[in-house]
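Accompanying notes for the structure given below.
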Amino acid sequence: MFKDKVAVVTGGAHGIGRTICAAFEREGAKVCAIDRTPGEGIFAGNIADPAVLERFAAEVIAKHGRVDCIVNNAPPLMKGISDCSWEEFNYALRVGVSAPFYLTKLLANHLAPGAAIVNISSSRDRMSQPETESYTAAKGGISALTHALAVSLAGRARVNSISPGWIDTTDSEIIGPDATQQPVGRVGRPEDIAELALFLCSEKAGFITGENICADGGMTRLMIYHNDCGWTFAG
């Protein structure tokens, strides 16, 4: 489906990002991944640094001359109002919002016909736990940035975002209330997000842009009270 197309993925060394890279490679794409963790086929660098993004984009362009897909996946720092400093909060925004914006800007003039961009947001863009302000703010920002870019890049690229719910990246067996609080009856897997990213980057999604798709097994739609889904209130 993506034979000889060029896919750029941030945060490509671990978890969801690594699975997205593998999915594109399986479909024939040439994958350019960046991550703080060095590895085979990984451009090592911190996307919070604009100079790193500039070097990465220059390498992609020099090597391939075009970009068909961009997946902004690298996760921001998660800290809360009690202990998150000014510097840490802004670092989270640089990774989660500024870097996707700037990387897209750097590659915008090299987008191939039919290009697509997918931003990985989170169901935390609409729901929260205590002490998660830096991560939640960044994910809310990337969701809003998505529809802004979709309008600005109209005719040049489709831009959508995915809001994953609970995705287990450790291949654990999660059962009981942790599983049944999702109406689908299980916790998500990285493959669930990777396959959705492939779809959104494909011609099959050619009429979809500016959208956020929440892939959370229905968790954000389920109201849980005492004795529901195996949960018991013990307060």
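Since every read-out is calculated from the coordinates, none of them should be taken as a lab result. Quick caveat, the model's predicted, so the values are computed rather than measured. Cβ sites come from the backbone with ideal geometry, for glycine too, and all protein chains shown count toward neighbours.
Sequence-ordered 3J(HN,Hα) estimates for the stretch 184-193 from the Karplus curve with 6.51, -1.76 and 1.60 and θ = phi - 60° stand at 6, x, 7, 7, x, 10, x, 4, 4, 7 Hz, glycine and proline given as x.
By the Cβ distance rule (another cysteine Cβ under 4.7 Å), the unpaired cysteines of the chain are Cys21, Cys32, Cys84, Cys214, Cys229. The HN-Hα couplings worked out from phi for the stretch 61-66 by the Karplus form 6.51 cos²θ - 1.76 cosθ + 1.60 (θ = phi - 60°) are 5, 5, 7, 10, x, 7 Hz, whole numbers, x standing for Gly and Pro. Scoring 224-231, 42-49 by mean Cβ neighbours within 10 Å over their residues and listing the highest first yields 42-49, 224-231.
Peptides 157-167, 131-141 ranked from most to least packed by the mean count of surrounding Cβ atoms within 10 Å: 157-167, 131-141. One Cα centroid belongs to the stretch 8-60, the other to the stretch 219-235; the line between them spans 39 Å. The amide H of Asn212, built 1.01 Å from its N in the peptide plane, has Ser161 as neighbours under 5 Å, considering only residues 5 or more places off or on other chains. Stretching Ser128 away from Ala58 to a fully extended chain increases their span by 21.5 nm, per 0.36 nm per residue minus the current alpha-carbon distance.
For Ala33, the residues whose amide H sits under 5 Å from its own are Val9, Phe43, ignoring neighbours fewer than 5 places away on the same chain, with H placed 1.01 Å from N. Here Cα extents along the principal axes in Å was computed from the coordinates, and among (i) 66, 49, 23; (ii) 58, 44, 37; (iii) 59, 41, 36 the match is (iii).
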